[in-house]
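Below is one structure; the comments refer to it alone.
The values are calculated or read from the model by the stated rules, or taken from the named source; none is laboratory data. Being a predicted model, the structure only gives us computed values, none of them experimental. All Cβ positions, even for glycine, are placed from backbone atoms using ideal geometry, and neighbour counts span all protein chains on display. Calculation scope for accessible area: heavy atoms of the full protein, side chains included, ligands and nucleic acids excluded. Shrake-Rupley method; radii C 1.70, N 1.55, O 1.52, S 1.80 Å.
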Amino acid sequence: MEPTGVGVIGGSTSGWASLSHIPAINASAAFELRAVSTSRPSSARAAAAEYGVPAYDNHQDLVAHPGVDLVVVAVKVTEHLELVSAALDAGKMVYSEWPLGNGLAEAELLSLRAGAAGVRTVVGLQGRYAPEVRFARDLIRDGYVGRVLGTTLTGSGMVWGPEVATHGQAYWYDRANGATPLTSPTLHALDPLHHVLGEFESVAANLVVGRTRATVAEDGRSVPVTAADQVAVIGTLAGGASASVFYRGGTSRAGNFRWEINGTEGDLVLTADWGNMQVAALTLAGGRGADAATAPLPVPASYTDGLPPGLAGSPAANVARLYERFARDLADGTHTVPDFAHALARHRLIDAIEQAAATGTTRTPVTPRTPAAVPTGGSAPEADGR
């Protein structure tokens, strides 16, 4: 079977795609890098030399490349609408980084366009594919904690602190640009939480701008902060368990990621030094029955097998796992990976959280469909982690 040809918009030698998508693509037998595009001729020339594929400074040239079947959009969220739309208009499959759009209206439009185009889509919510998350999900399914009573998750956004390196990165602090502590690290953590424990039935929230200004290190100037850097979300999950999620901008000396799951028979806890769960090196511990404390739970090899050599512990690890699941979907005709319809439901969750915070009321989010449809005559996809 011929590999799926991939073109990466945002394929410079120093951006997110260079650390995640391109290593994952190059390590996969199911995908092949065919082209990249960047925003400038100089960065395009550097990318061509680095990756050995055609590189353009105009995304339309990449979209039109006959060898590109899948277009990856790995740029600022403010550019997603234009770039994803161009790929959909050309009939190409699209893998968009999360968030899908800059706000709910853009996500709705892109989801509608994808449906009209009839192409496969993927959204970069890869945290659910971390081995520790999948193992925890199976442990809960198999009764390790008994009935889930509640869960508490606390994390750091790592950026949105008191200082940012350059003015080019200061766009994070402007709520209008769509890349905030709520839309990015909080939702990257909420998606695995819901994957493991189920969706919110109701949600309340508090969004606070704790730091009203931030310093740009390159010249010492300050910029205003309009994005809420203190995000508190509480709710009730399907089945009645309580959930409490808190994300802060910047980092914490007390730890940057901790997720507890408490049940009638036991407890699980996932921790990491890095607060962005989708790329964090997680550790899993548990205790149940007569155990006085939690202890490390080694993840079975069945959850870690298949990752290409050299990617373990890197930002590309979970991205590679998402590509692998997408390759299975393409081969089997299944739909298991988070797609644009799933992304739209997550954008509606963001909207529900924002409305709850603005009004001081409890909201009922829209539940996403389960991305596991099997076509008539097909076989069921493999269970997670097996």
- line: Summing +1 per Lys or Arg and -1 per Asp or Glu among the other residues with Cβ less than 9 Å from VAL73's Cβ gives -2
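Hey, got the dipole for segment 289-348? About the Cα centre, +1 on K and R Cβ, -1 on D and E Cβ, debye to the nearest 20?
Numbers: 5 positive and 6 negative charges, 48 e Å.
That gives segment 289-348 a dipole magnitude of about 220 debye.
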- request: Taking H placed 1.01 Å from N in the peptide plane, check which residues at least 5 places from VAL225 or on another chain put their amide H under 5 Å from its amide H.
  value: ARG213, ALA214
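Rounded to the nearest 5, what % of the DSSP beta bridges within the chain are antiparallel ones?
Numbers: 41 of 69 bridges.
If I count the DSSP bridges inside the chain, around 60 percent turn out antiparallel.
With r as the distance between the Cβ atoms of ALA64 and TRP274 and R0 = 30 Å, compute the FRET efficiency 1/(1 + (r/R0)^6) and round to 0.05. Mind dumping the intermediate values first?
On the way: r = 38 Å, r/R0 = 1.27.
Approximately 0.20, to the nearest 0.05.
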task: Convert each backbone phi in segment 113-126 into a coupling constant with the Karplus relation 6.51 cos²θ - 1.76 cosθ + 1.60 (shift: θ = phi - 60°), then list the ³J(HN,Hα) values in order as whole Hz, x for Gly and Pro.
output: 5, 5, x, 5, 6, x, 10, 6, 10, 9, 10, x, 10, 8
- line: With -39,500 (n - 2.57) per DSSP H segment of 4 or more residues and division by the full residue count of the chain, the 222 nm estimate, nearest 500 deg cm²/dmol, is -8500 deg cm²/dmol
query: Among (1) -0.62, -0.70, -0.89; (2) -0.31, -0.41, -0.79; (3) -0.41, -0.51, -0.83, which is the computed log10 I(q)/I(0) by the Debye sum over Cα atoms at q = 0.07, 0.08, 0.11 Å⁻¹?
result: (2)
field: Charge dipole magnitude, Cβ of K and R +1, D and E -1 - segment 32-116, Cα centre, debye nearest 20
entry: 120
field: Pairwise FRET efficiency - ALA301 versus ARG221, Cβ, R0 = 56 Å, nearest 0.05
entry: 0.65
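For segment 213-269, which trypsin sites (Lys or Arg not before Pro) are both in a DSSP coil and crowded by at most 13 other Cβ atoms within 10 Å? If you can, show how the numbers build up before the last one.
On the way: sites: ARG213, ARG221, ARG248, ARG253, ARG258; in loops: ARG221, ARG253.
In loop regions of segment 213-269 (DSSP not H, G, I, E or B), the sparsely surrounded trypsin sites (Lys or Arg not before Pro) are ARG221, ARG253.
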³J(HN,Hα), Karplus 6.51/-1.76/1.60, whole Hz, each residue of segment 310-324, x for Gly, Pro: x, 9, 4, x, 9, x, 7, 4, 6, 4, 4, 5, 5, 4, 5
task: Please find the FRET efficiency linking SER242 to THR367, where r is the Cβ-Cβ separation and R0 is fixed at 22 Å, and quote it to the nearest 0.05.
output: 0.80
statement: Sorting LEU297, PRO3, LEU62 by the position of each Cα along the dipole of the chain (Lys, Arg +1; Asp, Glu -1; all at Cβ), the one nearest the positive end of that ordering is LEU297
field: Debye intensity ratio I(q)/I(0), log10, segment 248-289, q values 0.15 Å⁻¹ (C-alpha model)
entry: -0.41
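Quick one: accessible area per residue over the chain, 1.4 Å probe, rounded to a whole number of Å²? Mind dumping the intermediate values first?
Numbers: 16080 Å² over 386 residues.
Per residue, the chain has an accessible area of 42 Å².
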message: How large a share of the accessible area of the chain, in percent, is made up of carbon and sulfur atoms when the probe is 1.4 Å and the other protein chains stay in place?
response: 51
message: Test of understanding: what is the full-extension gain from GLU163 to ALA290, defined as 0.36 nm times their sequence separation minus their Cα-Cα distance?
response: 41.1 nm
task: Return the sequence-ordered ³J(HN,Hα) values of segment 77-90 in whole Hz as given by the Karplus equation 6.51 cos²θ - 1.76 cosθ + 1.60 applied to θ = phi - 60°, using x for Gly and Pro.
output: 4, 5, 9, 4, 4, 5, 6, 5, 4, 4, 5, 5, 4, 8
task: For a label point 7 Å from the Cα of ASP57 along Cα→C-beta, name the residues of segment 1-45 whose backbone N is under 11 Å from it.
output: 38-45
